[in-house]
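The values are calculated or read from the model by the stated rules, or taken from the named source; none is laboratory data. All values reported here derive from a predicted model rather than from experimental measurement. Here the Cβ positions follow ideal geometry from the backbone for every residue, glycine too, while neighbour counts run over all protein chains shown.
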């Protein structure tokens, strides 16, 4: 299995950020020895990937719908080969 690493993670470029967090949640995280930077970085990475995926799907929605309609109407390339193999047992 290949390990997928984001380019920014490989480069290791980090920048400080100030943010506000629920005090009780922060206390619990510290008590449980949770690495705040690593946890936030992972959560942000997942959120960014999800948002980019949503944006890509929205930007390409019409093309995807047109492709799906064409496949529904005309079938997939090679369908005739699969049908032939199924009939002949090849």
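In the stretch 34-62, the residues that are over 18 Å from residue 22 (Cβ atoms) form Cβ pairs under 9 Å with partners that are assigned to a helix (DSSP H, G or I), at six or more places apart or across chains, as follows: 41/9; 45/8; 45/9; 57/64. Restricting the first member to the stretch 68-89 and to residues that are surrounded by 10 or more Cβ atoms within 10 Å (Cβ to Cβ), and the second to residues that are at pLDDT below 90 and outside any helix (DSSP H, G or I), the beta-carbon pairs closer than 9 Å and six or more apart or on different chains are 82/76; 84/90. Go through the stretch 25-44 and give me each residue that's surrounded by 10 or more Cβ atoms within 10 Å (Cβ to Cβ) and not in a helix (DSSP H, G or I). Scanning the stretch 25-44 gives 34, 35.
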